[in-house]
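Have a look at the structure below, then the notes.
The values are calculated or read from the model by the stated rules, or taken from the named source; none is laboratory data. Please read these numbers as outputs of a predicted model, since none were measured by experiment. As a convention, Cβ positions derive from the backbone with ideal geometry for all residues, glycine included, and neighbour counts pool all protein chains shown. Just the protein is used for accessible areas: all its heavy atoms, side chains included, with ligands, DNA and RNA removed. Shrake-Rupley method; radii C 1.70, N 1.55, O 1.52, S 1.80 Å.
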Amino acid sequence: MQGHSDLSAPFDCSGFMIERLQVSEAEEYEEGDVSREQHLEKLKAGHTFDLLIIGGGATGCGVALDAATRGLKVALVEKNDFSEGTSSRSTKLVHGGVRYLEAAVKKLDRVQYHLVRDGLKERYRLLKNAPHLSNRLALVTPLYRWIDVPYVFIGLKLYDLLSGKRHIGHSQLLSRKEALRRFPMLKAEGLKAGVLYYDGQFHDARMALSLALTAQHHGATISNHVAVTGLIKRDDKICGAEVTDSLTGESWTIHARGVINATGPFADRIRQMDNPAASEIIYTSTGIHIVLDKRFTLPDTGLMIPETEDGRVLFVLPWEDHALIGTTDEPAAITEHPKPLDSEIEYLLRHVSRYFNLKVERSDIKAAWSGLRPLVKDPEAVNTASLARDHVIELSADGLLTIAGGKWTTYREMAMDAVDQALNCFLIEAPNPDCQTRHLTVLGGANYYEEGDQFLIEKYGFAADVAAYLHRTYGDQAELVARLNTPQDGIRLVDGYPILEAEVLYAVRYEMAERVIDVLARRTPLALIDNAAARSAVPRVLEIMAEELGWDQRRCAEETQLAVQRLSEGL
Ligand SMILES: Cc1cc2nc3c(=O)[nH]c(=O)nc-3n(C[C@H](O)[C@H](O)[C@H](O)COP(=O)(O)OP(=O)(O)OC[C@H]3O[C@@H](n4cnc5c(N)ncnc54)[C@H](O)[C@@H]3O)c2cc1C
């Protein structure tokens, strides 16, 4: 089991200690209840769970972890793969929301103020609780009007101040000369100054997976590729759901004392399974990202335009040794696998060259993807047209608890609120009535220490890039991947990338990867950073998975077709 580690205590850095701890953890994990088959057996066994959670994104996985650590009997089902919805396609920033702060100050709005303050607290906790999957990121905003210099700088100082003892770095004002020297990608013409500030960055898909796996470490029964197709009621109260395994077509019923709808953009579909007349509360907006070679960014600093002329955010961030460029937000229809439109990509290319000293051609794009943000209309709000800035929790007449909105950064707080409400409204007594996740390290983080990549190099002979990647991707579980690795220094899945073939086996054996695209787009970041490389890896990933899982020719053909379809039509 993952311990409740004291994060104020320094991490243990002695190699011996780490090695010993890793082995014992690894063994325990190996014996753990990790196979999807075992989870499915439990889901089919006719138990009544305390809570059934629908949706395996940031929200659902966070709720499962919160509930399981309070000692509840928890089931979670995800229709596709964990985080296959919005939660693997975010901008990967852990932030308090500088933009909300501006609104809080301009409109003296307490709600916005609390939103930023809570976001900053959660920023700190995420960085502490998932140290391997997250890092501090410096961001620079160029200023082109003198009036913006004091305005933005004071705003960012307030941002630092609000984070209090949880601050992660002090903002600085940069002179024009200094800004251009350090950040040559900034447009020189008209530049007055720059401000440098700090937020966090993380690997969203692996974070959701780690939350799910940590929840199962604490006793939750979880499965991906299981969809809720209907809700079941007794005496007009929801008491479970009908589900279908999307891989086999098998259907059955799961009983629970309470059902939580954490399906993000799809929340209305579940609400309407409960009450077909329920009015919609979800509005979706899209944000797109393109990924370029690392020469378009600096390795440790992102560039951020908080508001372009047409009011959008525009950023160039380093991520996984590449440049992540993106913008938000356009109203969009709900689709499971959204694809950036040509017009959106053209928009981004135009704006990048307008705002930055970067000449980006369409041919420079290595990958492009988009995500749907679930914005929620508060059903209790007097002004029904206004969208909630925070998350919303709604209890229907027949007892469906819906949680939606918020942002990745605040998933833990959202989960805590949802479980608090669930205990109340479903009259469940939890062994631990209070939230346990404030200082709970997620899987891979407990024995993580910064220089752990050196240990992997020394013990396993990995190249430096492979060791660094394994270390930041798997944390203290990296040795489990290393042990699956033959020959010792590792076979790369694709030339030029640190991703190993051994990770495919690891993903199948320990991380419930069931499809080729699960490995390419979520267990590893390959599909998000290099579409062509991901395509070229399909046959080898298929071969390894087919052998491990005993797939027949029909399944192999289906997997190839699905992987190619997702890589060309939207992840
Ligand atoms: C472009 C973009 C950038 C963003 N960037 C950031 C950022 O940098 N930082 C930040 O903090 N936040 C960011 N966000 C917000 C954040 O990504 C979302 O708030 C968060 O991921 C939503 O998680 P969720 O679990 O509610 O929804 P989702 O991740 O969409 O999860 C819902 C899940 O429910 C499943 N589901 C649906 N129907 C069923 C069913 N019938 N049965 C079972 N399962 C079902 C879906 O398959 C899906 O996996 C961004 C959002 C967007 C769109």
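Brief remarks follow.
- Qualifying residue in region 61-70 (condition: part of a loop (DSSP other than H, G, I, E, B) and crowded, with 22+ Cβ neighbours inside 10 Å): yes
- Residue in region 123-139 that is over 30 Å from the mean Cα position of the chain (by Cα) and of a type in the set (A, V, I, L, M, F, W, C) present: no
- Of the helices (runs of 4 or more DSSP H) lying entirely inside region 410-523, the ones with 2 or more residues being open to solvent by 10 Å² or more (accessible area, probe 1.4 Å) and not basic (Lys, Arg) are found at 411-425, 452-460, 464-474, 502-510.
- Single condition TYR198 does not satisfy, out of (1) more than 30 Å from GLY302 (Cα to Cα); (2) of a type in the set (Ser, Thr, Tyr); (3) in contact with a strand residue (DSSP E or B) (Cβ under 9 Å, 6 or more places away or on another chain); (4) away from the ligand (no atom under 11 Å from the Cβ): (1)
- Test: ILE403 is within 16 Å of the ligand (Cβ to nearest atom), part of a loop (DSSP other than H, G, I, E, B) and in contact with a helix residue (DSSP H, G or I) (Cβ under 6 Å, 6 or more places away or on another chain): no
- Contacts under 7 angstrom Cβ, first residue in region 41-68 being at positive phi, partner part of a helix (DSSP H, G or I) and within 10 Å of the ligand (Cβ to nearest atom), 6 or more apart: GLY55/GLY264
- The set of residues in region 247-271 being open to solvent by 60 Å² or more (accessible area, probe 1.4 Å) and not in a strand (DSSP E or B) consists of THR248, GLU250, ARG269.
- Residue among LEU127, LEU120, LEU137, LEU76 that alone is touching a strand residue (DSSP E or B) at 6+ places or on another chain (Cβ under 9 Å), over 23 Å from SER370 (Cα atoms) and open to solvent by less than 10 Å² (accessible area, probe 1.4 Å): LEU76
- Members of region 288-338 that are part of a loop (DSSP other than H, G, I, E, B), charged (D, E, K, R) and either more than 13 Å from the ligand (Cβ to nearest atom) or under 19 Å from PHE183 (Cα atoms) (or both): ASP293, ASP300, GLU307, GLU309, ASP310, GLU320, ASP321
- SER83 vs. criteria within 14 Å of the ligand (Cβ to nearest atom) and either open to solvent by 10 Å² or more (accessible area, probe 1.4 Å) or farther than 30 Å from TYR448 by Cβ (or both): no
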